[in-house]
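The values are calculated or read from the model by the stated rules, or taken from the named source; none is laboratory data. None of the values given here were measured: they were computed from a predicted structure. Every residue, glycine among them, receives a Cβ derived from its backbone with ideal geometry; neighbour counts consider all protein chains shown. Ligands, DNA and RNA are excluded from the accessible area calculation, which covers all protein heavy atoms including side chains. Shrake-Rupley method; radii C 1.70, N 1.55, O 1.52, S 1.80 Å.
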Amino acid sequence: ARLTFISSTPKLAIGQRAILIQTPEGNILWDCISLLDEETISRIQALGGLRAMVISHPHFYSTHVQWARAFKCPVYLSAEDARWATMASAHQIPLASTETEVVSGVKAIKLGGHFPGSMVLLFDGRLLIADTLMTTAAGVGGWEVDATGTSRSKPPGLNSFSFLYSIPNFIPLNLDEMSRMWGILKKYDFRATYGGFTGMDIEDEGVKGRVLESMKIQARHMGYGESE
């Protein structure tokens, strides 16, 4: 109930969505969409405005400066990727640390991979992943019970996430980079993931294990056998 998804219809630019998190210390906006109109500003202001923004990676930088100006709030970017911003602003705050607590209970975590500073955001056991982890079609399928009510298990070899250097060109990350990412992410507990686009939500107590399973599947198909 404390998450609000914001998107444009019809789809604009690459069709990404933003996610508004409501906390007792103020609202945090994860990523932003390209279009910022008066209706969107008014509706967010009615919810309490924005305490801060966090942008996952340069592909979602979009109009983040205009958003930050409209809501008079800081916008956090990874220091490694700040050079990709198309304009400088006093609202921008580069993050150098692997973990930053934006407000109590909301953590920006730098995993890298897709970009050197690609981030995810952890809130209340929910991991907002943009496409730092790319949710796959197999990942959003339900395997416990089918449409007839019959229990079934997920067929082996189906991933839930892919890990890509270039998403439009389908270039995968290498094993060392996936291993480094997991070395950071394994420290955190989460029971749900929310991707950068509509329809990319997974709510599953075992979703953290599915991230590691997906990394192993990708590694095996890259020729690394039963990689640990």
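Overview of values
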{"quantity": "Residue in the range 68-80 that is farthest from residue 38 (Cα to Cα), counting only those that are among the aliphatic types (A, V, I, L, M) and buried (at least 21 other Cβ atoms within 10 Å of the Cβ)", "calculated": "77"}
{"quantity": "Unique match (being free of Cβ contacts under 8 Å to residues at least 40 places away in the same chain and surrounded by 13 or more Cβ atoms within 10 Å (Cβ to Cβ)) among 186, 154", "calculated": "154"}
{"quantity": "Test: residue in the range 36-53 that is touching a Leu at 6+ places or on another chain (Cβ under 6 Å) and either in a helix (DSSP H, G or I) or open to solvent by less than 30 Å² (accessible area, probe 1.4 Å) (or both)", "calculated": "yes"}
{"quantity": "Matching option when the condition is in contact with a strand residue (DSSP E or B) (Cβ under 6 Å, 6 or more places away or on another chain), open to solvent by 60 Å² or more (accessible area, probe 1.4 Å) and touching a residue at least 60 places away in the same chain (Cβ under 8 Å), among 132, 98", "calculated": "98"}
{"quantity": "Members of the range 25-35 found to be touching a residue at least 40 places away in the same chain (Cβ under 8 Å) and open to solvent by 10 Å² or more (accessible area, probe 1.4 Å), listed by number", "calculated": "25, 26"}
{"quantity": "Test for residue 65: is it farther than 28 Å from residue 164 by Cα and either β-branched (Val, Ile, Thr) or open to solvent by less than 10 Å² (accessible area, probe 1.4 Å) (or both)", "calculated": "no"}
{"quantity": "Residues that are open to solvent by 40 Å² or more (accessible area, probe 1.4 Å) and either out of contact with any Lys or Arg (no Cβ under 7 Å at 6 or more places or on another chain) or outside any strand (DSSP E or B) (or both), drawn from the range 1-24", "calculated": "1, 2, 4, 7, 9, 10, 11, 12, 13, 14, 22, 24"}
{"quantity": "Filtered residues of the range 87-118 (kept if outside any strand (DSSP E or B), of a type in the set (Ser, Thr, Tyr) and within 16 Å of the chain's Cα centre (by Cα))", "calculated": "98, 118"}
{"quantity": "Residues that are part of a helix (DSSP H, G or I), among the hydrophobic types (A, V, I, L, M, F, W, C) and under 17 Å from residue 13 (Cβ atoms), drawn from the range 54-83", "calculated": "60, 65, 67"}
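Matching residues to (1) within 30 Å of residue 83 (Cβ to Cβ); (2) open to solvent by 60 Å² or more (accessible area, probe 1.4 Å); (3) polar (S, T, N, Q); (4) in a strand (DSSP E or B):
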| residue | (1), (2), (3), (4) |
| --- | --- |
| 120 | yes, no, no, yes |
| 128 | yes, no, no, yes |
| 142 | no, no, no, no |
| 169 | yes, yes, yes, no |
| 197 | yes, no, no, no |
